[in-house]
1. If you take the residues of segment 64-77 that are modelled with pLDDT of 90 or more and assigned to a helix (DSSP H, G or I), which of them is surrounded by the fewest Cβ atoms within 10 Å (Cβ to Cβ)?
2. Check off (1) surrounded by fewer than 19 Cβ atoms within 10 Å (Cβ to Cβ); (2) more than 15 Å from residue 101 (Cα to Cα); (3) not aromatic (Phe, Trp, Tyr) for residue 121 and give me the number that stays unchecked.
3. Quick one: is residue 83 modelled with pLDDT of 95 or more, aliphatic (A, V, I, L, M) and touching a strand residue (DSSP E or B) at 6+ places or on another chain (Cβ under 7 Å)?
4. Regarding residue 144, is this residue under 20 Å from residue 92 (Cβ atoms), surrounded by 16 or more Cβ atoms within 10 Å (Cβ to Cβ) and out of contact with any Lys or Arg (no Cβ under 7 Å at 6 or more places or on another chain)?
5. On the given criteria, is residue 155 modelled with pLDDT of 95 or more and of a type outside the set (Val, Ile, Thr)?
6. So which residues in segment 90-143 are of a type in the set (Phe, Trp, Tyr) and not in a loop (DSSP other than H, G, I, E, B)?
7. If I ask for residues that are surrounded by fewer than 17 Cβ atoms within 10 Å (Cβ to Cβ) and at pLDDT 90 or above, which ones from segment 169-187 would you list?
8. Could you list all residues from segment 1-32 that are assigned to a helix (DSSP H, G or I) and modelled with pLDDT under 90?
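The values are calculated or read from the model by the stated rules, or taken from the named source; none is laboratory data. What you see is a predicted model, and the numbers here were worked out from it, not measured in a lab. Because the Cβ atoms are built from the backbone with ideal geometry, glycine has one as well, and the counts that use them run over all protein chains shown.
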Amino acid sequence: MTGVRALLLCGGRSSRFGSNKLLATLDGGPLVVRSARNLMAGAGRALAVVPAGSGALAVALREAGCDVLESPDSARGLGASLAAGVRTLADADGWIVALGDMPFIRASTIAAVAERIARGALIAAPMRNGHRGHPVGFGAALKAELLALDGDEGARQVIGKHRDAMVGVAVDDEGITADVDVPADLERKGGGT
């Protein structure tokens, strides 16, 4: 086992944004770099899962310090991307799963979720004002279920099946529910390292 590992899923199509939102400028660089840096600051070394042939996206993530998996599975959706990442890091004690389009999550929030997984929680997620957010942590006992994911639903069915075992981590971090879907979302403040 190699400890709890961080996964950054970066396979979305950016259909509502109008261009590749992960490369949109935030704080002087691609917004995905801020997502990656926050994830690494909170959970250590990260593997970014990107579509095959991602070019500039893969380069930006490598320059930010991420390991990068260019996966053709990303074309099938979030669940397929997650399964590809877990397959690559199959010997981990658990996974912290973050999304590339959520650059406002604080590193301290990510660290708190990772700590719960390291202490044995099956699933852990940040909670704010009664709402679950990201990133979500999964213990190694869920490996087979995560590897079976496909399509674009992500891990919603795994979370639903084990809802009673989920540990909520109380945080005061608006970033846990703040994703970037349209250019105006880049104007949000808060979060970060």
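1. Looking at the filtered set, the residue picked out is 72.
2. Here residue 121 meets the rest and fails (1).
3. Spelling it out, it is not the case that residue 83 is modelled with pLDDT of 95 or more, aliphatic (A, V, I, L, M) and touching a strand residue (DSSP E or B) at 6+ places or on another chain (Cβ under 7 Å).
4. In short, no.
5. Taking the combined requirement at face value, the residue does not satisfy it.
6. 95, 138, listed by residue number.
7. Here is the first cut: in segment 169-187, the residues surrounded by fewer than 17 Cβ atoms within 10 Å (Cβ to Cβ) are 170, 172, 177, 181-184, 186-187.
170, 172, 177 - these are the residues of segment 169-187 that are surrounded by fewer than 17 Cβ atoms within 10 Å (Cβ to Cβ) and at pLDDT 90 or above.
8. Within segment 1-32, 21, 23 meet the criteria.
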